[in-house]
Amino acid sequence: MKGLLIVVSGPSGTGKGTVCDVLLKETKNLAYSISATTRQPRAGEVDGKNYYFLTKDAFEEKIRENAFLEYANVYGNYYGTPLGHIEDRRNRGEDILLEIDTQGALNIMERCPDGVFIFLIPPSLQELERRIRGRGTESQDSLEKRLSSAEQEIRIGKKYQYVVVNDDISNAVHQIQAILLAEHCRNEKEYKIEEVLKK
Ligand code: ADP
Ligand code: 5GP
């Protein structure tokens, strides 16, 4: 059975990275698609694990080579999903998780209508600000860009198939696992019917 293409988005600081890390550890057969970016690595981030950190020139070279499934300029830096072997891996039955912004997700909705689109939101805008400030990773300029686009970004969540509120990490992980289980059941319906009819 072909694996799912799962797209998770949400405003900066909502907890996408945290929730996706737990989800990846606790879910079988789920692999993370490592994005490329031109932003500077944060303390503790590892090239080839969190992101492929590229210069602007190297990123633009890859755009010319059509090496991305999608890319976008987010908060002043390039971010992109390497085409890599996403389709090969899905054809081998692996589920692939992309954690990308709304512009990239809307592109993928057009190109891959069989994707599963999940939008993660914070319990409130106040809590979003508390989380992003609490993370302590952003310059004043980057913090302002992220907070000022949050409200508008959250509204784009209405275009996604699913919205999950990240009030509590394990609640959010369980909800996403339930979505994946239901999507697998949906994917497998024809196969199950054919199998029964063969017997
Ligand atoms: P994003 O990847 O969406 O930008 P992060 O995963 O970096 O967000 O989370 C932002 C901050 O919020 C981190 O400090 C993280 O520990 C914290 N956080 C994430 N989820 C929750 C939650 N459910 N409750 C409280 N804090 C959380
Ligand atoms: P951050 O700098 O906080 O790691 O990410 C900033 C934003 O870029 C987040 O909304 C994140 O989901 C998004 N992002 C990360 N990788 C990609 C990608 O490959 N493509 C797109 N379009 N957005 C991405």
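The values are calculated or read from the model by the stated rules, or taken from the named source; none is laboratory data. These numbers were taken from a predicted model, which means no experiment stands behind them. FYI the Cβ positions are ideal-geometry reconstructions off the backbone, even for glycines, and counts take in every protein chain you see. Accessible surface is based on the protein model in full, side chains and every heavy atom, while ligands, DNA and RNA are left aside. Shrake-Rupley method; radii C 1.70, N 1.55, O 1.52, S 1.80 Å.
For segment 119-198, please list each of the helices (runs of 4 or more DSSP H) lying entirely inside it that holds at least 1 residues being more than 16 Å from ligand 1 (Cβ to nearest atom) and buried (at least 18 other Cβ atoms within 10 Å of the Cβ).
Counting at least 1 such residues, we get 169-187.
Is it the case, given these coordinates, that A43 is assigned to a loop (DSSP other than H, G, I, E, B) and either at pLDDT below 95 or out of contact with any strand residue (DSSP E or B) (no Cβ under 6 Å at 6 or more places or on another chain) (or both)?
yes
From G76, G48, which residue is within 28 Å of I154 (Cα to Cα), over 16 Å from the mean Cα position of the chain (by Cα) and of a type outside the set (S, T, Y)?
Working: G48 fails: within 28 Å of I154 (Cα to Cα).
After ruling out the rest, the residue left standing is G76.
Each row is one residue, and each column tells you yes or no for (1) modelled with pLDDT of 95 or more; (2) open to solvent by 10 Å² or more (accessible area, probe 1.4 Å); (3) basic (K, R); (4) near ligand 2 (Cβ under 8 Å from one of its atoms).
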| position | (1), (2), (3), (4) |
| --- | --- |
| G3 | yes, no, no, no |
| V7 | yes, no, no, no |
| P11 | yes, no, no, yes |
| T14 | yes, no, no, no |
| D21 | yes, yes, no, no |
| K25 | yes, yes, yes, no |
| L30 | yes, yes, no, no |
| D47 | yes, yes, no, no |
| L54 | yes, yes, no, no |
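This table checks each residue for (1) touching a residue at least 24 places away in the same chain (Cβ under 8 Å); (2) farther than 19 Å from G3 by Cα.
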site: K25; (1), (2): no, no
site: E45; (1), (2): no, yes
site: K56; (1), (2): no, yes
site: R92; (1), (2): yes, no
site: L97; (1), (2): yes, no
site: Q103; (1), (2): yes, yes
site: R111; (1), (2): yes, no
site: E127; (1), (2): no, yes
site: R130; (1), (2): no, yes
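Does V74 satisfy being aliphatic (A, V, I, L, M), crowded, with 19+ Cβ neighbours inside 10 Å and more than 13 Å from ligand 1 (Cβ to nearest atom)?
no
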